[in-house]
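Visitor: Before we start, here is the structure in question, set down as structure tokens.
The values are calculated or read from the model by the stated rules, or taken from the named source; none is laboratory data. What you see is a predicted model, and the numbers here were worked out from it, not measured in a lab. Heads up, the Cβs are rebuilt from the backbone with ideal geometry, glycines too, and the neighbour counts pull from every protein chain shown. Surface areas here come from the heavy atoms of the whole protein model, side chains and all, with no ligands, DNA or RNA. Shrake-Rupley method; radii C 1.70, N 1.55, O 1.52, S 1.80 Å.
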Amino acid sequence: MTALKAGATIGILGGGQLGRMLGSAAAALGFDISIYCPEEDCPAARVAAQHTIGAYTDTDALIAWAKTCDAITYEFENVPVEAAQALISAGALVRPGAKPLEVSQDRIVEKTFLRDCGIQTADFAQIDTAADVAGPIEQFGGEGILKTRRDGYDGKGQARLELGDDYEAAHKALKHAPCILEAMVPFEFEVSVIVARDRAGESICFDIPRNEHVNGILKRSVVPSDLSADVAERAGDAAKALADALDYVGVLALEFFVLSDGTLLANEFAPRVHNSGHWTPEACATGQFEQHMRAVAGWPLGPVTRYHDVEMLNLLGEEALVPPEVLAADGILTLYGKRDAKPGRKMGHLVRRRS
Ligand code: AMP
């Protein structure tokens, strides 16, 4: 396929804030955006040229929508794999494809894939019933995190366990879903690599942010991360190896735990733009949203030169109820246009220059 021309339509599966920011960046490049999602009122549709309301399981509706798009991407990792496959089979150009969804949707498949790429992870075990916990938790030094294999995000669907805890109660709280038990990682801090890969297989990483979570939700990303050059290079190489193995086109984020001796253990990856990259549009020559859309359109990737040190603060729940003019005095403000500020819900973010 030749590169998309300005004026072409890029479809996005998903209507959340990432779709909204991708859509705005694509519009700035001259594209029209068409959102497909089940919600009538969503953050992305309000900045898009077109909005189709439909279920991700409605293959006919998806294919009809795809016929109105020149390329399709997605803004969340839980798009059903079958939906992406149906679109591809119908001849749609879907970037980054179905494989990244398949791999990232199941924590065991994901960690196995990462290891096959030569990327270290925490030790883990498959948990189908509570009885499966006892052996591995002992092996992991008496502590672990039980997580649902699928559908967990922002620390949801997880329970910290210690040797001798009531494993059945913990598994019941996760609705007896198929789970993974991960060894508890004594990390010093967390970072993520945001990498873009173009259709020719060229990759480029943004500077690496250091990420601070509260209750499993990202609260703050700071750049630079203070990783040594050698560790940062290893992290970048790992993200590029992952992108290559997935034959990825677009932006993906690979999250790492950093141990005190510089060991990197991958936690998970997101086959999409990432919250920990929300500072890039303000601080870099090309932001992650534009970068993703360049890749999807078959355009060359942009330079990722960072102009200054920076921090990004998420506005969670009621933090976003402070009047916007007050928030805007405190940094560069982005609000996602969500109607209700439930506790912990990502409502917007602030980007602040640090030097
Ligand atoms: P996740 O949903 O896997 O991204 O986990 C959310 C957060 O929980 C991570 O960013 C870490 O702060 C913490 N966490 C997750 N898994 C582990 C682990 N195996 N060891 C220690 N902390 C973890």
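Visitor: Do you know the relative contact order of region 294-355, to the nearest whole percent, from alpha carbon pairs under 8 angstrom that are 6+ apart?
Guide: After rounding, I find 44 percent.
Visitor: Which distance in nm do the two modelled labels at ARG160 and GLU318 give, with both placed 7 Å along the Cα-to-Cβ direction?
Guide: With each label placed 7 Å out from Cα toward Cβ, I get 2.5 nm.
Visitor: Give, in nm to one decimal, the length gained when the segment between GLU39 and ASP151 is fully stretched (0.36 nm per residue of separation minus the Cα-Cα distance).
Guide: Value of the extension gain: 38.5 nm.
Visitor: From the protein chains alone at 1.4 Å, what is the descending order of accessible area for ARG345, ARG234, ARG294, largest first?
Guide: If we order ARG345, ARG234, ARG294 from most to least accessible, we get ARG234, ARG345, ARG294.
Visitor: Would you mind telling me which residue in GLY97, GLY201, GLY135 has the biggest mean-square fluctuation in a Gaussian network model of the chain, where springs connect alpha carbons within a distance under 10 angstrom?
Guide: For the chain, modelled as a Gaussian network with Cα springs under 10 Å, the answer is GLY135.
Visitor: Turning to a different aspect of this structure: If you build a Gaussian network model of the chain, linking Cα atoms that sit under 10 Å apart, which residue out of ASN314, ASN215, ASN275 swings the most?
Guide: Of ASN314, ASN215, ASN275, the Gaussian network model singles out ASN215 as fluctuating most.
Visitor: Now a separate question. LEU246: net charge of surrounding residues, Cβ under 9 Å, Lys/Arg +1, Asp/Glu -1, itself excluded?
Guide: It works out to a net charge of 0.
Visitor: Can you classify region 1-149 as rounded, prolate or oblate using the Cα gyration tensor, where a ≥ b ≥ c are the square roots of its eigenvalues, rounded means a/c under 1.5, and otherwise it's prolate if a/b beats b/c and oblate if not?
Guide: prolate
Visitor: May I ask which residue of PRO323, GLY348, GLN288 lies farthest towards the positive end of the charge dipole of region 285-355, with charges of +1 (Lys, Arg) and -1 (Asp, Glu) on Cβ and the Cα centre as origin?
Guide: The one lying farthest along the dipole's positive direction is GLN288.
Visitor: Distance cut-off 18 Å, Cα to Cα: go down the list LYS156/LYS219; LYS147/LYS219; LYS111/LYS240; LYS147/LYS346; LYS5/LYS99; LYS156/LYS342 and report the pairs above it.
Guide: LYS147/LYS219; LYS147/LYS346; LYS5/LYS99
Visitor: While we're looking at this one, here's another question. Over region 9-94, what is the mean sequence separation of C-alpha contacts under 8 Å (at least six apart), divided by residue count, expressed as relative contact order in percent?
Guide: The value is 33 percent.
Visitor: When the accessible area of region 187-354 is split by element with a 1.4 Å probe, what percent falls to carbon and sulfur?
Guide: The value for region 187-354 is 49 percent carbon and sulfur by accessible area.
Visitor: In debye to the nearest 20, how big a dipole does the chain give about its Cα centre with +1 on each Lys and Arg Cβ and -1 on each Asp and Glu Cβ?
Guide: 1000 debye
Visitor: In addition: With only Lys, Arg, Asp and Glu charged, each at its Cβ (+1 for the first two, -1 for the last two), find how big the charge dipole of region 123-183 is about the Cα centre; round to the nearest 20 debye.
Guide: The dipole magnitude comes to about 340 debye.
Visitor: Can you give the helix-only mean residue ellipticity at 222 nm for the chain, where every DSSP H stretch with n ≥ 4 adds -39500 (n - 2.57) and the sum goes over all residues, rounded to the nearest 500 deg cm²/dmol?
Guide: -7500 deg cm²/dmol
Visitor: Please list, by residue number, every one of the GluC sites (Glu not before Pro) in region 1-103 that is coil in DSSP and has at most 11 other beta-carbon atoms within 10 Å.
Guide: Sparse-neighbourhood loop GluC sites (Glu not before Pro): GLU40.
Visitor: Moving on to the next point. Roughly speaking, what % of Cα-Cα pairs in the chain are separated by over 27 Å, rounded to a whole number?
Guide: 47 percent
Visitor: How many nm is it between the label spots at THR68 and GLN139, if each spot is 7 Å from the Cα in line with the beta carbon?
Guide: Roughly 5.1 nm, to one decimal.
Visitor: Report the net charge of residues surrounding CYS42, where surrounding means a beta-carbon distance below 12 angstrom and charges are Lys +1, Arg +1, Asp -1, Glu -1.
Guide: It works out to a net charge of 0.
Visitor: Report the FRET efficiency, 1/(1 + (r/R0)^6), for GLN120 and SER228, where r is their Cβ-Cβ distance and R0 is 25 Å, rounded to 0.05.
Guide: Approximately 0.90, to the nearest 0.05.
Visitor: Quick one: net charge of GLU311's neighbours, Cβ under 9 Å, K/R +1, D/E -1?
Guide: Result for the local shell: +3.
Visitor: Express the relative contact order of the chain as a whole percentage, based on alpha carbon pairs under 8 Å and six or more residues apart in sequence.
Guide: Computed value for the chain: 15 percent relative contact order.
Visitor: May I ask for the angle, rounded to the nearest 10°, between helix 288-297 and the longest principal axis of the chain, with both axes built from Cα atoms and the value confined to 0 to 90°?
Guide: 60 degrees
Visitor: Any chance you could give the angle, 0 to 90 degrees and rounded to 10, that helix 17-28 forms with the longest Cα principal axis of the chain?
Guide: Around 30 degrees separate the two axes.
Visitor: Also: For the chain, with a Gaussian network of springs between Cα atoms less than 10 Å apart, report the residue from LYS147, LYS219, LYS67 with the top mean-square fluctuation.
Guide: The residue with the greatest mean-square fluctuation here is LYS67.
Visitor: If I ignore ligands, DNA and RNA and count only protein heavy atoms, how much of ASP32 is accessible to a 1.4 Å probe, in Å² to the nearest 10?
Guide: About 70 Å², ignoring ligands and nucleic acids.
Visitor: Now for a different question. Per residue, how much accessible area does the chain show when a 1.4 Å probe rolls over the protein heavy atoms, in square angstrom?
Guide: For the chain, the per-residue accessible area is 42 Å².
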